[in-house]
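**Student:** Quick one: the structure is below, questions incoming.
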Amino acid sequence: MTPTWHIKPFAELTKTELYDILRARQDVFVVEQSCPYNDIDGNDDQWVHVFAKQNEKILAYARLRFENAKQQPIARVGRVLVVMPARHKGLARQLMQRCIDHIHATAPNRPIQLSAQCYLIDFYRSLGFVEVGYEYLEDDIPHHDMEWRP
């Protein structure tokens with residue numbers, strides 16, 4: 001599987017790319033996980049969008065944001081997904097590595113935070129993330145905040 005990878009700020013997404021991204025997020029987070037919530041949160045214009053496409057279909061996706069939390073510059077990774085037919089082929093690792101590499105190239109040595117579904121904690125640990133705080137429910141799904149520090 002050799003998808004085409006893209007990293008684009010919101011303003012550079014085509015209408016078709018935005019539609020396909022929102023459709024993939026809806027398919028995974030709302031339909032597949034039986035979790036009715038507002039995925040379209042009004043913040044996508046503040047994020048950089050990282051995605052893999054093959055045959056005009058989104059296979060993997062995440063969004064990145066650079067922000068200040070408590071006066072500390074951080075980067076956040078969110079909405080990480082791989083669509084069901086593309087799972088177990090290494091795309092999640094490729095996606096996260098591209099996210100990490102882009103963050104390091106844009107803002108070297110910046111801490112990276114994410115909210116991980118608990119069943120994926122070992123995957124994120126394998127990328128150098130560690131748990132911070134306590135497990136919590138987000139939309140009735142167990143999550144744990146994780147952080148990568150330089």
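The values are calculated or read from the model by the stated rules, or taken from the named source; none is laboratory data. Keep in mind that this is a model prediction, so the values were computed, not measured. Note that each Cβ is placed from the backbone with ideal geometry, even for glycine, and that neighbours are counted across all protein chains shown.
**Student:** Hey, Leu114 hits all of (1) within 20 Å of His49 (Cβ to Cβ); (2) out of contact with any Phe, Trp or Tyr (no Cβ under 8 Å at 6 or more places or on another chain) but one; which does it fall short on?
**Tutor:** All conditions pass for Leu114, except number (2).
**Student:** Is region 72-86 home to any residue that is closer than 20 Å to Ile141 by Cα, modelled with pLDDT of 95 or more and assigned to a loop (DSSP other than H, G, I, E, B)?
**Tutor:** yes
**Student:** Continuing with this model, one more query. Any idea how many residues of region 115-150 are surrounded by 15 or more Cβ atoms within 10 Å (Cβ to Cβ), not in a strand (DSSP E or B) and not hydroxyl-bearing (Ser, Thr, Tyr)?
**Tutor:** Adding up the residues that qualify gives 5.
**Student:** How do the pairs read when you match residues in region 74-100 that are over 19 Å from Gln54 (Cα atoms) with residues anywhere that are part of a loop (DSSP other than H, G, I, E, B) and of a type outside the set (Phe, Trp, Tyr), using Cβ under 6 Å and keeping only pairs 6 or more apart or on different chains?
**Tutor:** Here the result reads Ile74/Pro111; Ala75/Arg110, each pair linking region 74-100 to a residue that is part of a loop (DSSP other than H, G, I, E, B) and of a type outside the set (Phe, Trp, Tyr).
**Student:** Restricting attention to region 108-121, which residues are more than 19 Å from Glu138 (Cα to Cα) and over 13 Å from the mean Cα position of the chain (by Cα)? Steps first, answer last, please.
**Tutor:** Residues of region 108-121 that are more than 19 Å from Glu138 (Cα to Cα), as a first pass: 108-112.
Passing the criteria: Pro108, Asn109, Arg110, Pro111.
**Student:** Would you point out which residue out of Ile58, Ile21, Ile103 is within 27 Å of Gly128 (Cβ to Cβ), assigned to a strand (DSSP E or B) and not aromatic (Phe, Trp, Tyr)?
**Tutor:** Ile58
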